[in-house]
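Read the figures in this text as sums done on the coordinates, not as results from a lab. What you see is a predicted model; the values in this text were computed from it and never measured. Cβ sites come from the backbone with ideal geometry, for glycine too, and all protein chains shown count toward neighbours.
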Amino acid sequence: MSVVEATPVIRKTALNAVHRQMGAKMVEFNGWDMPVEYPAAIGCGIVAEHMAVRTGVGIFDVSHMGDIRLAGREALAAVQHISMNDASRLAIGQAQYSALLYPQGTFVDDVIVHRLGEDEYLLVINAGTREKDFNWVRDNTRQFDCKVEHLSDNFTQIAIQGPKAVDVLQKLTDADLSAVKFYWVTRGTVCGLKNILMGRTGYTAEDGFEIYIPPDEETSARVWYEILAAGKEFGAVPCGLGARNTLRLEGKLPLYGHEISDTINVWEAGLDRFCKMEKPDFLGRAALEKAKAEGVKRTLVGLEMVDRGIARDGYKILDEGGSEIGYVTSGSPAPFLKKNIALAYVPPELSAIGATVKVEIRGQAVKAQVVPTPFYKRPKKA
Amino acid sequence: MSYPTDRKYTKEHEWITADGTIGITTHAQDSLGDIVFVELPKVGTDITVGKPFGTVESVKAVSDLFAPVSGTVTAVNEALATAPEQVNKDAHAAWMVKIKVKDPLEMNALLSASDYDKFVSEEAGH
């Protein structure tokens, strides 16, 4: 008997040809063929892209992200039931960071919930969990008078990120972006396209916008190049997944499958402030209540390497005696901070700021210290 | 891309000169991206053909360095500890280690500049 395996289909965004034309190094990410970095010849590379976002502006194709729309009389009740943050606090046009939880209090995914209308919500979800998330949302909202639509393929999503992002996008839209606060959305004409959704959101720990435009290749490419051209005076560069990862790591923004997963609960991940136990009952709540009473056995901490070495995803954390006590969820050189940093799960007794642990790097125990997080916080505007 | 003809190459993208100086190729540094860390053996260490003898790390990846031939390390480019980006700037000048080659005949199994160039193009084309 032979086992026939389905050939994995590698998906492409509408900007795939643009990335290749620009000479991007492409990688497979969660089933998507995505740019990891653009060439040094056009002023790019992970470090240059990262620095552009911290100091100027960078442009990302994030069309692999998914979108689920919930609309109808009981849309709020549905969103409240499946997510841990309190969506009843959202005004129309406002967004919040939240998560979908399994009944055991672990993560289906983390999401951004946007309230687009009186009874209309848009959940922006991760690329690798699109189908799983949609099925989860659909199956767990059947009892509500609410339509659930999978809109992931309806948009090309472009993120414009960095302190100059607002200046770049303002050149291309009639909407008054100065009136849009962080984690709010607006609509307006962008590059001649009417009624475009623009959210002041992102995954870089920087100011910025994410825009949702029609998904055809021609429009996508035109808008991409128009944004780059508008950003030229601010040093705008295209950015790949490499910089996206180092930027989010400096800002301690979780990545599904790393800091959060179906085996990690909200308390362990330290996402308490986005989990509203006092709101009406939601999936995962009972388990979280129990878990809180029992106390966590591991907790997510930020580490900075003290001795020479770079902690990488999956490396072991050792105590002074060399026993394994945890693991690195994400680790990398931090291009802006110029330090080697990591996020790791360790026992609570070793989670205090200043505590030292060892990271096992190629058989060597290399010293690291628990430091405050986020590692990077963007300066407040004067 | 033309590679210097004064040295031999491996399919793991290292180069070695006749006097035993070892580095990685321009193609290798380009694939790795921004190099941030180079870990090399101490002088006196014996390295074995085809086996890892050190590590190069870019922002996103960790790569082993493989010995093109066997030998004993006689010098280490200490400058790379504090300035690993030199490898990105000029990979064919930023050497990693110098070795006393154990058996010069092992050099015959390595690729010439033109064969390496062909190998890289084929690798990229597949």
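Only Cα pairs under 8 Å and 6+ residues apart enter the sum, and on that basis the relative contact order of region B:7-104 stands at 33 percent.
Computed from phi, the 3J(HN,Hα) profile of region A:341-355 under the Karplus parametrisation 6.51, -1.76, 1.60 (θ = phi - 60°) reads 10, 7, 10, 8, 8, 9, x, x, 5, 10, 9, 5, 4, x, 4 Hz, with x in place of Gly and Pro.
With both residues required to sit in the protein assembly as shown, DSSP beta bridges show an antiparallel share near 95%.
Of all aspartates and glutamates in the structure, the ones whose alpha carbon falls short of 14 Å from that of residue B:8, not counting any fewer than 8 places away in one chain, are B:19, B:106, B:115, B:117. Within straight-line reach of residue A:194, meaning a Cα separation under 17 Å, sit the following aspartates and glutamates at least 8 residues removed in sequence or on another chain: A:174, A:176, A:210, A:216, A:218, A:226.
Which of rounded, prolate or oblate describes region A:84-221 when judged by the alpha-carbon gyration tensor and an a/c cut-off of 1.5? Note, shape of region A:84-221 comes out prolate. Scalar couplings 3J(HN,Hα) for region A:210-223, obtained by applying the Karplus form with A = 6.51, B = -1.76, C = 1.60 to θ = phi - 60°, are 10, 10, 10, 10, x, x, 6, 4, 5, 5, 4, 5, 4, 5 Hz; x denotes Gly and Pro. Each residue of region B:44-51 was assigned a 3J(HN,Hα) from its phi angle through the Karplus curve 6.51 cos²θ - 1.76 cosθ + 1.60 (θ = phi - 60°); the sequence is x, 6, 8, 10, 10, 3, x, 9 Hz, with glycine and proline shown as x. What separates the Cα centres of region B:103-125 and region A:16-95 is a distance of 41 Å. List the lysines whose alpha-carbon lies under 23 Å from that of residue A:297, not counting same-chain residues fewer than 8 positions away? Cα-Cα hits under 23 Å: A:252, A:276, A:316, A:358, A:367. Annotation: amide H of residue A:108 within the under-5 Å range of A:100, A:101, A:102, sequence separation 5 or more or interchain, hydrogens built in the peptide plane. With equal scatterers on the alpha carbons only and no solvent term, can you work out the Debye log10 of I(q)/I(0) for region A:297-371 at 0.20, 0.24 1/Å? At q = 0.20, 0.24 Å⁻¹ the computed log10 ratios are -0.70, -1.04. For region A:199-303, applying the loop criterion from DSSP together with a ceiling of 14 other beta carbons within 10 Å to the GluC sites (Glu not before Pro) yields A:278.
For a quick check of your reading of the filter: which GluC sites (Glu not before Pro) in region A:68-164 sit in a DSSP loop and have no more than 14 other Cβ atoms within 10 Å? Those satisfying the criteria are A:118.
Distances between placed amide hydrogens fall under 5 Å for residue A:260 paired with A:255, all partners being 5 or more residues away or on another chain. Qualifying trypsin sites (Lys or Arg not before Pro) in region B:1-65, where qualification requires a DSSP coil assignment and no more than 14 other C-beta atoms within 10 Å, comprise B:11, B:42. Per-residue Cβ neighbour counts within 10 Å put A:50, B:27 in the sequence B:27, A:50, beginning with the fewest. Taking other Cβ atoms within 10 Å as a rough exposure proxy, A:323, B:2, B:112, B:31 sort from fewest to most as B:2, A:323, B:112, B:31. Taking amide H positions as modeled 1.01 Å from N, with prolines and chain starts lacking one, the residues under 5 Å from residue B:35 and 5 or more places away or on another chain are B:88. Ordered by the count of other Cβ atoms within 10 Å of each Cβ, fewest first, A:44, A:239 give A:44, A:239.
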